[in-house]
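Only one structure is covered here, and it is reproduced in the block below.
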Amino acid sequence: MADNGGHFYRADFQVHTPRDTQWDGGRRTTAVRDTWAATFISAVRARGLIAVAISDHHDFAFFPFIKRAAAAELLADGTPVPVREQLTVFPALELTLSVPCQAILILDADFPEDRLNDVLKALHFDPIGAVQDVLPQTTVLPDSGDLNDIHAKLDKNDWLRGRYILLPNVTPNGHNTLLRESFQAKYRDMVAVGGYLDKPITELNRQKYAGEKRILEGGDGNWGSKRLALFQTSDARKADFSTLGEHATWVKWAKPTAEAIRQACLAQESRSSQSSPAIPNVWVSRVVVSNCKFMGRVDVALNPQYTALIGGRGTGKSTVLAYFRWALCDQPTRATEDDEVADPRVRQRKLIDATLKPRDAYVEVCWVINGITHIVRRHAGDGTIQLKVGDVSSRRRLNQPSRVSSPFRRTARSN
């Protein structure tokens, strides 16, 4: 069972194809685009990426081929890659605006392919014929205005509103970057909450870019004290894929949508990272309650990165946590004579007796220690505790309950 929570994905949001004007290497004819796309997907895997945005200048032509190649990818044994493990491919555009600056428009990963040309038309740009091997020389997007004008133009369409994010180029000393002295007002007033870099983010630590770093961190009032989330990108356009994923950002999402990227911008400390996020060595992967008197069966897959039980008052959040602690033989602290509340151990026993025992139920907790799965099952009827470690087929009965909860340092809290 897989959880539906958010996970970090290593993403490169600026990747080009042989059709792009600035492609470095041999072109690919229409007849071999499927073959090239399969080779590209293999390169994405080899470079350690999990997600890419295909961002040719004002063009979507190669995206469907790459999307199909990702869906058709096979494992070493010849079986299809499970859907949840397939590479994420975002349709995207690199835009050259009238500001002038460049920006990347990223759409939901599941954006309908038959509406991609409509996105270009919404930008007042006539799509280039898909059969052409090379795009014409890039020109400024007609009637594009600034970043806010683009947002206003796109948001007129109900089918597009909320399904895209616009990231301006904020590379210090970069080509067509927004970080130029005359664009203070454009930066200050833009609705964008994130931006991209054509170079590694560590470049901002150089003394020559101290001013730009202060602007991007929201420390310069002349620029509106506006802090941006930053995505370092490779601007990959070489036929040998040597720069693919050279600069990438880890982004957290539950579903690969533009809104998820926007949320990562708004909570950049917890939802984006320029290095591989640390995963705990010990984490709970699943909690199962076979049959509860008022909730029935509960089966929840958890996440090594973050999981929260969310619900209204009286929906059972605290009860699930209580079952979890009981299954792990984690005894609540004994109440003292000065406590004004009931003894929590008595409260736990009454909960089990009232909600699990009548159904002859059990609670099962699965957790992972250094990559090895452990499963403990505690039966409400007779209190039997069984433990299974790794791939063994049988469970063994425990006579020392304290051995179950010892690997955990627990903090259980319900609001």
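The values are calculated or read from the model by the stated rules, or taken from the named source; none is laboratory data. These numbers were taken from a predicted model, which means no experiment stands behind them. With ideal geometry, Cβ positions are generated from the backbone for all residues, glycine too; neighbour counts draw on all protein chains shown.
Structure notes:
- Asn169 being touching a Cys at 6+ places or on another chain (Cβ under 7 Å) and either more than 24 Å from Leu230 (Cα to Cα) or modelled with pLDDT of 95 or more (or both): yes
- Failed criterion for Ile50 (all others in (1) farther than 30 Å from Arg180 by Cα; (2) more than 18 Å from the chain's Cα centre (by Cα); (3) among the β-branched types (Val, Ile, Thr); (4) buried (at least 19 other Cβ atoms within 10 Å of the Cβ) hold): (2)
Residues are listed down the side, and each one gets a yes or a no for (1) under 25 Å from Leu321 (Cβ atoms); (2) at pLDDT below 95; (3) touching a helix residue (DSSP H, G or I) at 6+ places or on another chain (Cβ under 7 Å):
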| residue | (1), (2), (3) |
| --- | --- |
| Phe241 | no, no, yes |
| Leu244 | no, no, yes |
| Ala248 | no, no, no |
| Pro256 | no, no, no |
| Arg262 | no, no, no |
| Ser276 | no, yes, no |
| Val282 | yes, yes, no |
| Phe294 | yes, yes, yes |
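- Per the listing Leu154, Leu160, the residue uniquely modelled with pLDDT of 95 or more and more than 30 Å from Leu204 (Cβ to Cβ) is Leu160.
- Residue match in the range 160-172 (condition: in a strand (DSSP E or B) and of a type in the set (Ser, Thr, Tyr)): yes
- Looking only at residues of the range 184-201 that are part of a helix (DSSP H, G or I) and in contact (Cβ under 8 Å) with a residue 24 or more places away in the chain, we find that the one that is nearest to Pro100 (Cα to Cα) is Lys186.
- If the condition is being assigned to a helix (DSSP H, G or I) and of a type in the set (A, V, I, L, M), then the range 92-135 contributes Leu116, Val119, Leu120, Ala122.
- Within the range 3-45, considering residues that are among the aliphatic types (A, V, I, L, M) and either surrounded by 15 or more Cβ atoms within 10 Å (Cβ to Cβ) or touching a strand residue (DSSP E or B) at 6+ places or on another chain (Cβ under 6 Å) (or both), the one nearest to Phe65 (Cα to Cα): Ala37
Listed here are the residues, each with its yes/no results for (1) charged (D, E, K, R); (2) in contact with a strand residue (DSSP E or B) (Cβ under 8 Å, 6 or more places away or on another chain); (3) modelled with pLDDT of 95 or more.
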position: Glu73; (1), (2), (3): yes, yes, yes
position: Leu93; (1), (2), (3): no, yes, yes
position: Thr96; (1), (2), (3): no, yes, no
position: Asp108; (1), (2), (3): yes, yes, yes
position: Asp114; (1), (2), (3): yes, no, yes
position: Asp118; (1), (2), (3): yes, no, yes
position: Val131; (1), (2), (3): no, no, no
position: Val134; (1), (2), (3): no, no, no
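- The residues of the range 1-18 that are more than 21 Å from the chain's Cα centre (by Cα) and either more than 19 Å from Phe60 (Cα to Cα) or without any contact (Cβ under 8 Å) to a residue 60 or more places away in the chain (or both) amount to a single one, Thr17.
- Answer residue from the range 271-299, given it is β-branched (Val, Ile, Thr) and surrounded by 16 or more Cβ atoms within 10 Å (Cβ to Cβ) and is nearest to the chain's Cα centre (by Cα) among those: Val284
- Long-range neighbours under 6 Å by Cβ, at least six apart or interchain, first residue outside any loop (DSSP other than H, G, I, E, B) within the range 19-33, second exposed (fewer than 13 other Cβ atoms within 10 Å of the Cβ) and not hydroxyl-bearing (Ser, Thr, Tyr): Thr30/Val131
- For Asp198, the test of being more than 20 Å from Ser225 (Cβ to Cβ), loosely packed, with under 14 Cβ neighbours inside 10 Å, among the acidic types (Asp, Glu) and within 29 Å of the chain's Cα centre (by Cα) is failed.
- Candidate set from the range 75-91 (those that are of a type in the set (Val, Ile, Thr) and at pLDDT 95 or above); member that is farthest from Leu166 (Cα to Cα): Thr79
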